[in-house]
Structures are given as structure tokens and as C-alpha cells.
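The next block holds one structure in the form of C-alpha cells; read it before the comments.
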Amino acid sequence: MMTRSQQSRTSRLTRPSVAIAAAVAVTAGVVAAAPDAKTAQPGPKLSLIAASTSVTLDSWKEEPGVYLDLGTYLTSENGAFEFKVTRKSYKDPVVASQIIRDGKKTTTKALPAGLVKDFSGLPDFMQVNVVDAAGKPVLEKTESFCPNNASGRVRPDAPAKSKYPQSCPVNPFTLGSVWGVENGWAANTYAGYYSQPVQLAAGTYTAKVSVTKKYRDLFGIANKPQSVKVVVRERSWEEGEGVSASAAPSSAKSAAKAGHDAHAGHNAAASTHAGHGSAAAPAPSGHAGHGAPARTDAPGAATTGAGATFNVGHGPYPPAPPALPWALKKQAAEKQGGKGALGAQGFSAARVGDRAGQTDGSRQAPGVQPNAKRPTGKATVPDVPKPDLRSLPAYGITVSDGYEDVPGKDYLAFSANVWNAGPAKLVVDGFRSPGKELMDAYQYFYDAKGKQVGYTPTGTMEWDPRPGHEHWHFTDFASYRLLKADQKETVRSGKEAFCLANTDAVDYTVKNANWHPGNTDLSTACGQENSISVREVLDIGSGDTYTQDLPGQSFDITGLPNGTYYIQVLANPENRLKETNHKNNSALRKVVLGGKKGARTVKVPAHHLVNAN
């Protein structure tokens, strides 16, 4: 059974604005040599590089541990390093295949069965060995590698944008994912918050980083480990000037409290759009009913680009990996001495960064602006592709006591996700007549070219003024019910109004999946109290996770007898939204209640092959 702090960690997933690093020119010398001809295999040429010969890492007195971000990257040349990862159902194992593109020819290479077990990346890809100043081994570990990690270009003629998603999914009920390092790009090999901090005393160390042999053999990567000097400095949250409160990671206790204080609905925090190269920025709050992160991102030196601009897994982990160009910029500039065609002027031009309404410093986030006026003319539902809303089984299931809100009660808390399997995105605009409390909501329809060709009324949107919410909710999007063993309803959650956001990449292999959805954070999706109109979008392949952990949202089980129950997640319960299939809107998750009043327990059997409570 999960602790309350663990529950906050798996609650509504925060969506900091996702940043892909801006283009930067670096010399060919930065990229390591390609594998020897005898080991070369079909596909891209991969190399392990280190952005710098040394890094400085912080260990905080109040929360000891060092996040071992060593600034190493995997580069891909002569083609992209691409994978398709799927499972047919929750009864089937995860299957991963490398996609090799050579002009118009595409080859699929299946990875060994059982190598990849989930969607978070390639397990045990990196080997890290650390020795102290005397040469004594102090740490040996392996880490997984998400090809979608923070990345950037390593040569000026590489594609300006990566077509691949910007993180690897961690939702236990993910169905399909696409991973990739773009041609001429490099991805950070640091596992981020998938990795636990390590215990290293203040001092100087040397880290040797390499790709493990099984992956060198599988992908033809040269055995060229990178050596990085590591300086660990001990710091305190109470150092005074020069250390902002946001630089210090929150403790598990304060994070759990933050999760409770912010859980109310969505936390309508503004997205950070933190610029690359800045010191660690505070991780934004999630949609509060979507919860808060378990801890802030690990502090990073100003040159690393570390900040709250990248979410490693579209999951309950704050951002971590630094942006490559800012790390390589410093090294390359030092090598060139600021001279030549790729000197200081070329690097300064690359400092685009992120700002409001932009996701990579160059393109406007799609689908965040509502229509200026409510639609006119006759409402029609044309014969064009429509969304397909589906529910995932509940997860993150635990028993709570109602916190301080309703003491003496027992509640069953859980996380629930409704996602869009396409082939069209769900677009809902709300319009308010002056002085009215509710907005009138309309669903829009588009043809194959993206032209709006119809609309239909679809209920209302309501303003939620409670602290931690303070945004517009679309009513009747989903319903949550606790069913008895005979699958008849016994308790219903009071939560049925939502602000839609693309919090989880559920299946990016479905037709028309958008690998770069726009409204992954609430600042662009939920509006303000004085908004005259609001647009909420659930894009193809993405889902929206809410955690029901408050009385009125979670299930009151105080008077329920022990035994077997089912949590039902039901999308579009009143069928107000037009979609392609209304028969796949329900998902059930079995739970077994036990214990006694004030000390209730819950056991969550595996859902076929998914053994996650």
C-alpha cells in the first residue's frame, strides 16, 4: 500500500513547459569518432560524448545525496536512432523495435525479447564508475537511457527541430511509445529522476561513463568511455544570499504537504518556460487535483542548463537533464577561443530559449487559443474523423483518512486517466455571455486538412474559485464509481468537471498521434477568472490524469464492508461529446478492502501483466 508521500508522487502529473534545446553550431571535434568498420551495423552511427571534462554537483545538508548528472550524451549520425515500443494489450508483454530509415527504405529490427520491459527507456544502458581522489572505487551503477531525454543539435546542418517526443512515458498503463534521437542530435544519458541520488561526501572524484557491452554489441557503438572530473560541494538551504529557495529540493514531508495543499483540482500555476542556462528553477505545481511533484528538480550550475524545463517521463518525476547546447557551447567555445565562423557570434545567436506561448523558442504552441467569438450558423456534426475517448484502469490506489478535512473517515484515493485514441483531437471551446457564471461549451470538428467544418453544443464550463483550482472546468468529461463485486454501483465520486490537458503520452503509435501536444500545462488550457472564452484540447495519443484524493473526489469507504470492489473510470458518461466509439469508455480495476474503521487497508491485484497499484 502506498504512503501519502508516494501518493503525491503519483498524483496528477505536473506539466512544466517542455523545452527542446535551441540550435547551436559546434565543431566536428566535439563528436566522438564512429565505431570501427568491423563493428558497424546497419543504422545510425552512435557515439558517447562528454560535454565537459568536469562538473560541479551539490549535496544538500538537509537532504543528503547527489544527483549524478555528468553531462554525457549519446549522439546519432547518418540517421536517427528511433524505436517503436508497443504492447497489444495488458495481457501481452512490451515489445520494442528499432526503426532504421535509409531514404525511402524503412527496416524494422526487433530488440531481444524481454530486453525492454516498460516504456521508460533502455534499461541498464549506461555504466557509471566513480573513484575518489586516491583512486579508490566508491560507486558502481548502471542507469537506463531514454532516447527522448533533453537533447540538442551537435552540428549546424542537423534538422532545426527534433520530430521525436520530449520524454518517455511512465504511466503504468501506457500502450505505445516512440523514442528517438534525431539525426545530428544528441540526448542526455542521465536517467534524471528515474535515478536515485547517490551518497558522495564533499570532495573530488573521477567518473568513468560508458555504454554497457550488450548495447555496444547490439547497436555497433564504439567502446570509448568518457572520463569526467566530479567536484561535490556541500551546501545548505540556509546559506543566505545567493541561494534562492527554489534551488533547494523539498523534503519528502514538505512535498507531501504541498501535494495535499495543491491537490484540490488542477493547480493553475503558470508554466515556467525557464530559459536554458539558468540556475535550477522551481518546478511548477501541477493541476492540483492533479497533484504536486514529490520534490523539486535537482539544483544545477548555471552552465548546465538544468532547470524545470524538461519532464523526463511525462510522469510523476520533476525535470532533470540539462540542455545539451548550453553544455557543449562552453566547451566548444573554449576549444575555438571564440574565433572562426563558429565562434562566439554563432553561439550567441543560438540563445533563443523558451518564453510564454512557445515550446522551443521558435514555434507557437498549437491549439491554446480559443476562437474569438462563439460559433454562428446552424450546429452540425459533419462526417469527418472524431476523437475516441478511452479510459485507463485506475492506479495509485491507497487508503487515506481524509486528512484534516474530514477526520474519522476512511477514503479510497486513486488516479484515473481518460485518453484520446484519435484519429481526431478533441477540441472544446467555452464562451461566456457578459455577467454569466457559466460558459457555453462547444465541440469543434475538422476535416483532413485541419479546416474547421462543424460544431455542436456540448454542455458547459464552470469556474472553480477554490485555492489550488482557480480555473475553468468542462463538465461531465468523466465519472468515477466504486462498484461492488457484482459490479453494481455502491459509491460515486463527486468529481465530474475537469480542465483538459495532455498530461500523459498513452499511445503515440496510434494514427495521427501528436508527439508534441501543445497544452501540456494548465497555464495555456484553463483560463482565468476574467476570461471571456477558453479552449481545452485533448490531443491524439495523449491522456489526462487526475488524482482523486480529497473527500468528495475519493470514495468514502467508512461504512463499506470488507471485500472485493471495482473502481470504474468512465469517459464521457452522458455521451455529450461526439466520438467514434462509445463502447470503450469504461475501465475497471479490482481492489480488495480490508482492515477496520480508522485502519482500513486495500490490496490491488495485478491487472493482467501490469502489477502496479
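The values are calculated or read from the model by the stated rules, or taken from the named source; none is laboratory data. This structure is a prediction, so every number in the text was calculated from the model and none was measured. Cβ placement follows ideal geometry from the backbone for every residue including glycine, while neighbour counts extend to all protein chains displayed. Calculation scope for accessible area: heavy atoms of the full protein, side chains included, ligands and nucleic acids excluded. Shrake-Rupley method; radii C 1.70, N 1.55, O 1.52, S 1.80 Å.
Brief remarks follow.
- Region 605-612 - phi-based ³J(HN,Hα) in whole Hz, Karplus 6.51/-1.76/1.60, Gly and Pro as x: x, 4, 9, 6, 8, 8, 9, 9
- Here the peptides 220-231, 48-59, 411-422 are ranked by packing, the mean other Cβ count within 10 Å, and the order with the highest first is 411-422, 48-59, 220-231.
- Within region 42-145, the proportion of Cα pairs with more than 17 Å between them is 68 percent.
- Summing charges over neighbours of residue 82, with a neighbour being any other residue whose Cβ is under 10 Å away from its Cβ, gives +2 when K and R count +1 and D and E count -1.
- Averaged over residues, the count of other Cβ atoms within 10 Å places the peptides 568-578, 391-401 in the sequence 391-401, 568-578, highest first.
- Residues with amide H under 5 Å from that of residue 491, placed H, sequence gap 5 or more: 482
- Cβ-based net charge around residue 594, under 15 Å, with every Lys or Arg adding one and every Asp or Glu removing one: +4
- On full extension, the segment bounded by residue 237 and residue 214 gains 4.1 nm, given 0.36 nm per residue less the C-alpha separation.
- Separation of region 113-190 and region 60-108, taken as the distance between their Cα centroids, equals 6 angstrom.
- Residues whose placed amide H lies under 5 Å from that of residue 185, excluding near-sequence neighbours: 76, 154
- Note on region 53-99: the alpha carbon radius of gyration divided by the globular reference 2.2 N^0.38 Å gives 1.99.
- Over 30 Å between alpha carbons, listed pairs 373/425; 91/161; 104/208: 91/161; 104/208
- Charge tally around residue 566: other residues with Cβ under 11 Å, Lys/Arg +1 each, Asp/Glu -1 each, net +3.
- Using equal-weight Cα scatterers in the Debye expression, the normalised intensity of region 142-191 in log10 at q = 0.20 Å⁻¹ is -0.69.
- Phi to ³J(HN,Hα) by Karplus 6.51 cos²θ - 1.76 cosθ + 1.60 over region 384-396, Hz, x for Gly, Pro: 10, x, 10, x, 10, 7, 9, 9, 9, x, 5, 8, x
- Cβ-derived FRET efficiency at R0 60 Å, residue 384 paired with residue 56, nearest 0.05: 0.60
- Computed from the C-beta positions of residue 438 and residue 564 and an R0 of 35 Å, the FRET efficiency is 0.30 to the nearest 0.05.
- With protein chains left intact and a 1.4 Å probe, residues in region 528-578 average 33 Å² of accessible area per residue.
- Rg/Rh (Cα only; Kirkwood hydrodynamic radius) as it applies to region 501-613: 1.03
- FRET E, pair residue 160, residue 224, Förster distance 22 Å, beta-carbon r, rounded to 0.05: 0.15
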